[in-house]
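A.B. asks: Sending over a structure as structure tokens; questions will come in a sec.
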Amino acid sequence: MRTDRLRPARGPAACRAGGRVTGRQRSDDAIAVSGSAWCGGGWCGGWWLGAARRPSPHHGARPRGARRGAVTLAVLHSISLPPGVFGGAAIEQLFAGRLDCDAHPYYARLRGLRVSAHFLVRRGGAVLQFVSVRRRAWHAGASSWRGRTDCNDYSVGIELEGLEGGCFEEAQYRALARLLRALARRCPQLREATGHEHVAPGRKHDPGAGFDWTGLQALLLRAGGSPAPPALQPGAAPPAGCGAPHERPRLRCKH
């Protein structure tokens, strides 16, 4: 989750401000609904039909130009609000600019933040989408990948509900594999997926050591077909007990 280079919310009630959908996002929604946008492969416009739509006002335009504005990278994050607590509406409220920062002591540090991701994968595997993939979500912050700065310009941000460094659920791995394959159909130049910790080393540490890159890769390859899913970088092995479903019985992390 992006927590630096943040845009201050406007108005005195900063934590609750900004919940209104912008005109540009409204326009993208209207195109998708009207059927005049590109629809196919499970997509309509920049919205995946496999996700529940929760439009966020926190987004901007991608750079102009076919190369500069093309999506080539997926950045994986982890988030829970408050940390270690799963379920509830706090993440959605944060991305909508409507989080009540007085509702929990931890939320005080989030006062005024304007952040978003394109997608959120819940613990049970449900996928929510907040920003069209045509648009630039505010998820990576100060970042760089393969010598190119500002990953928000050319990436899709995917949050997994979970604690940084902790385990993730089987349903999340399966949903993430489906999402990455769907993104490969929608974004033909998408080549790689990596963690927030790898585009902002030393500053960020999510999704962390509990994320099973090797298991996710196996799920992607098992599905087969084309186009090919993005290559995962890196393929670090997780701690024992945190593997994806192909490597372990149906275990659950302790929450």
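A.B. asks: Within segment 93-111, identify whether any single residue is within 16 Å of the chain's Cα centre (by Cα) and either of a type outside the set (A, V, I, L, M, F, W, C) or more than 14 Å from HIS139 (Cα to Cα) (or both), and answer yes or no.
C.D. replies: The answer is yes; a qualifying residue exists.
A.B. asks: One residue is enough: does segment 196-205 have a residue meeting the conditions at positive phi and not aromatic (Phe, Trp, Tyr)?
C.D. replies: Within segment 196-205, the subset at positive phi is 202.
So of that shortlist, the ones also not aromatic (Phe, Trp, Tyr) come out as 202.
Yes; the residues of segment 196-205 include at least one that is at positive phi and not aromatic (Phe, Trp, Tyr).
A.B. asks: Does ARG122 qualify as being under 23 Å from GLY208 (Cα atoms), open to solvent by 30 Å² or more (accessible area, probe 1.4 Å) and at pLDDT below 95?
C.D. replies: Here the answer is no, as ARG122 does not meet what is asked.
A.B. asks: Would you mention how many residues in segment 53-93 are over 17 Å from ARG123 (Cβ atoms) and not in a loop (DSSP other than H, G, I, E, B)? Show your work before the answer.
C.D. replies: Residues of segment 53-93 over 17 Å from ARG123 (Cβ atoms): 53, 55-75, 93.
Narrowing the set further to residues that are not in a loop (DSSP other than H, G, I, E, B) leaves 53, 59-61, 73-75, 93.
Number satisfying all stated conditions: 8.
The rows are residues; the columns are (1) closer than 15 Å to TRP145 by Cα; (2) buried (at least 17 other Cβ atoms within 10 Å of the Cβ); (3) of a type in the set (A, V, I, L, M, F, W, C).
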position: ALA171; (1), (2), (3): no, no, yes
position: LEU190; (1), (2), (3): yes, yes, yes
position: GLY208; (1), (2), (3): no, yes, no
position: LEU221; (1), (2), (3): no, no, yes
position: GLY224; (1), (2), (3): no, no, no
position: PRO229; (1), (2), (3): no, yes, no
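A.B. asks: Oh, and also: Any idea how many residues of segment 147-165 are on the phi > 0 side of the Ramachandran plot and charged (D, E, K, R)?
C.D. replies: Going through segment 147-165 one residue at a time, the tally reaches 1.
A.B. asks: Shifting gears a bit: Identify, please: which residue in segment 173-188 is out of contact with any helix residue (DSSP H, G or I) (no Cβ under 9 Å at 6 or more places or on another chain) and not aliphatic (A, V, I, L, M) and is, among those, surrounded by the fewest Cβ atoms within 10 Å (Cβ to Cβ)?
C.D. replies: PRO188
A.B. asks: Let me ask something else. Given the conditions (1) buried (at least 16 other Cβ atoms within 10 Å of the Cβ); (2) in contact (Cβ under 8 Å) with a residue 60 or more places away in the chain, report the number of the one that GLN217 does not fulfil.
C.D. replies: (2) is the only condition that GLN217 fails.
A.B. asks: Look through segment 130-169, keep the residues that are free of Cβ contacts under 8 Å to residues at least 40 places away in the same chain and in a loop (DSSP other than H, G, I, E, B), and return whichever of them is most open to solvent (accessible area, probe 1.4 Å).
C.D. replies: Only one residue fits best here, namely ARG146.
The values are calculated or read from the model by the stated rules, or taken from the named source; none is laboratory data. Here the structure is a predicted model, which means the values were calculated and not measured. Here the Cβ is made from the backbone with ideal geometry for all residues, glycine too, and neighbour counts use every protein chain on show. Surface accessibility is based on the protein's heavy atoms, side chains included, excluding ligands, DNA and RNA. Shrake-Rupley method; radii C 1.70, N 1.55, O 1.52, S 1.80 Å.
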